[in-house]
Amino acid sequence: MWRSVAAATTVAALVAVSGCTVQAVGTPAEEVPPVRISPVPEASPDDAKPAKPAKPSKRPAPEVPPKVLWSKGDKGRDVRELQARLRQIAWLFEGPTGTYGASTVTAVKGFQGKRGLPKTGKTDSVTWRRLLNMTREPGKWELYASGGQPAAKPDPRCLTGRVLCVSKTSRTLRWMVDGRTVSTMDVRFGSQYTPTREGVFNVYFKSRHHVSTLYDTPMPYALFFSGGQAVHYSSDFAATGYNGASHGCVNVRDEGKIAALFSQVRNGDKVVVYW
């Protein structure tokens, strides 16, 4: 009996050490509740921390090129002013013509290069601002030093009949028929020592290949209206512009226009020379 109790005690001790549960024979086992592990709830999107905003880029914004105001091929009064200002500081020696041509491109490039600007030959806002600061506003005669001025308003005496309407103010000639302008052309006049007469005259003689007997110079397409004074083509006017003057005649520099005029004008047509 003692041995049985001792054996049972030894087995119980061993079971206690091993952690196992032994059910005695004929004795109901004590129920042990199972260990339950609660599931970890999934994180909700709402629980996530808001993302940090991206840091702005530190790269500088690309430089915007200055606006181009005028470039090769442009025409008009603004181009004339550009050319007149370039002439004031000796970057351009011809014109103004009112047309942005090769010589104007070259002049603008030179002006830009001298001042450390990109040598594009195009007049942009930066180039124009620099030019304005170095020059003065050109006068009317500077703008039209090479001609091209709009024809002046016709004198009232030009509004009837067939008339060569010559304005000394705008340095232009209108060929008018019954108040309608047929053609216009640049003209120049005599100097202060040999002035072109003003008033109302009539064409009294036409000479296609005339040569002056007084000055021994050609006067092609001559339309005489007062003594030895005539409207005629001048190669000197075509070559030198308003740097020269006539001996009293009305010089025309466009040979094509004066040739057409010569073929249309008749003896007896009126000539009006006025300021």
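The values are calculated or read from the model by the stated rules, or taken from the named source; none is laboratory data. Note that this is a predicted model, so its numbers are computed, not measured. In this analysis, Cβ positions are derived from the backbone assuming ideal geometry, glycine residues included, and neighbour counts consider all displayed protein chains.
So which of GLY256, GLY248 ends up being within 23 Å of SER170 (Cβ to Cβ), in a helix (DSSP H, G or I) and not aromatic (Phe, Trp, Tyr)?
Just a single option satisfies the conditions, and that option is GLY256.
Would you please list the contacts, defined by Cβ atoms under 7 Å and residues six or more apart or on different chains, that run from a residue in region 183-209 that is more than 20 Å from ARG171 (Cβ to Cβ) and in contact (Cβ under 8 Å) with a residue 12 or more places away in the chain to a residue that is aromatic (Phe, Trp, Tyr) and outside any strand (DSSP E or B)?
Cβ pairs passing all conditions: LYS206/PHE262; ARG208/PHE262.
In the set THR99, THR106, which member is surrounded by 14 or more Cβ atoms within 10 Å (Cβ to Cβ), within 21 Å of the chain's Cα centre (by Cα), over 22 Å from CYS249 (Cα atoms) and outside the structural domain of ARG266 (by TED's automatic domain parsing)?
Residue meeting the stated conditions: THR99.
Within region 188-214, take every residue that is of a type in the set (Lys, Arg) and over 17 Å from ARG266 (Cα atoms) and give me the one that is surrounded by the most Cβ atoms within 10 Å (Cβ to Cβ).
Taking region 188-214 as the starting set, the residues that turn out to be of a type in the set (Lys, Arg) are 188, 197, 206, 208.
Add one more test, that the residue is over 17 Å from ARG266 (Cα atoms), and what stays is 188, 197.
Details: ARG188: 24, ARG197: 14.
In this case the residue turns out to be ARG188.
Only one of (1) over 24 Å from LYS153 (Cα atoms); (2) surrounded by 13 or more Cβ atoms within 10 Å (Cβ to Cβ); (3) within 35 Å of the chain's Cα centre (by Cα) fails for ALA239. Which number is that?
Of (1) over 24 Å from LYS153 (Cα atoms); (2) surrounded by 13 or more Cβ atoms within 10 Å (Cβ to Cβ); (3) within 35 Å of the chain's Cα centre (by Cα), only one is false for ALA239: (2).
Can you tell me how many residues in region 209-254 are at pLDDT below 95, of a type in the set (Val, Ile, Thr) and within 24 Å of THR97 (Cβ to Cβ)?
1
What is the one condition in (1) surrounded by 16 or more Cβ atoms within 10 Å (Cβ to Cβ); (2) of a type outside the set (Phe, Trp, Tyr); (3) under 23 Å from VAL182 (Cβ atoms) that HIS247 does not satisfy?
Failed condition: (3).
Quick one: is LEU164 at pLDDT 95 or above and buried (at least 21 other Cβ atoms within 10 Å of the Cβ)?
Against the criterion (at pLDDT 95 or above and buried (at least 21 other Cβ atoms within 10 Å of the Cβ)), LEU164 qualifies.
Pairs under 7 Å by beta carbon, first residue hydroxyl-bearing (Ser, Thr, Tyr) in region 236-265, partner at pLDDT 95 or above, six or more apart or different chains?
Once the first residue is hydroxyl-bearing (Ser, Thr, Tyr) and sits in region 236-265, its partners that are at pLDDT 95 or above give TYR242/ARG188; SER246/ARG188; SER246/PHE189; SER246/GLY190; SER246/SER234.
For a quick check of your reading: which strands (runs of 3 or more DSSP E) sit entirely within region 148-225 and have at least 2 residues that are under 37 Å from the mean Cα position of the chain (by Cα) and of a type in the set (D, E, K, R)?
Of the strands (runs of 3 or more DSSP E) lying wholly inside region 148-225, those with at least 2 residues that are under 37 Å from the mean Cα position of the chain (by Cα) and of a type in the set (D, E, K, R) span 180-188.
Quickly run through region 116-156 and pick out the residues that are polar (S, T, N, Q), surrounded by 13 or more Cβ atoms within 10 Å (Cβ to Cβ) and at pLDDT 95 or above.
The first filter runs over region 116-156 and keeps only residues polar (S, T, N, Q), leaving 120, 123, 125, 127, 133, 135, 146, 149.
Restricting the remaining residues to those that are surrounded by 13 or more Cβ atoms within 10 Å (Cβ to Cβ) gives 120, 123, 127, 135, 146, 149.
THR120, THR123, THR127, THR135 - these are the residues of region 116-156 that are polar (S, T, N, Q), surrounded by 13 or more Cβ atoms within 10 Å (Cβ to Cβ) and at pLDDT 95 or above.
In region 121-147, which residues are more than 20 Å from CYS249 (Cα to Cα), of a type in the set (Ser, Thr, Tyr) and part of a loop (DSSP other than H, G, I, E, B)? Walk me through it before giving the result.
Taking region 121-147 as the starting set, the residues that turn out to be more than 20 Å from CYS249 (Cα to Cα) are 121-144.
Going one step further and asking which of them are of a type in the set (Ser, Thr, Tyr), we end up with 123, 125, 127, 135, 144.
Selection gives THR135, TYR144.
Run ALA239 past the list (1) touching a strand residue (DSSP E or B) at 6+ places or on another chain (Cβ under 7 Å); (2) within 29 Å of GLY95 (Cβ to Cβ); (3) not in a loop (DSSP other than H, G, I, E, B) and report the number of the one that doesn't hold.
For ALA239, the failing item is (1).
Let me confirm something: among PRO96, PRO118, which residue is on the phi < 0 side of the Ramachandran plot, in a loop (DSSP other than H, G, I, E, B) and touching a Leu at 6+ places or on another chain (Cβ under 7 Å)?
PRO96
Condition (residue is outside the structural domain of ASN267 (by TED's automatic domain parsing), closer than 26 Å to GLY241 by Cβ and more than 17 Å from the chain's Cα centre (by Cα)) applied to region 113-131: is it met by at least one residue?
The answer is no, given that none of the residues of region 113-131 is outside the structural domain of ASN267 (by TED's automatic domain parsing), closer than 26 Å to GLY241 by Cβ and more than 17 Å from the chain's Cα centre (by Cα).
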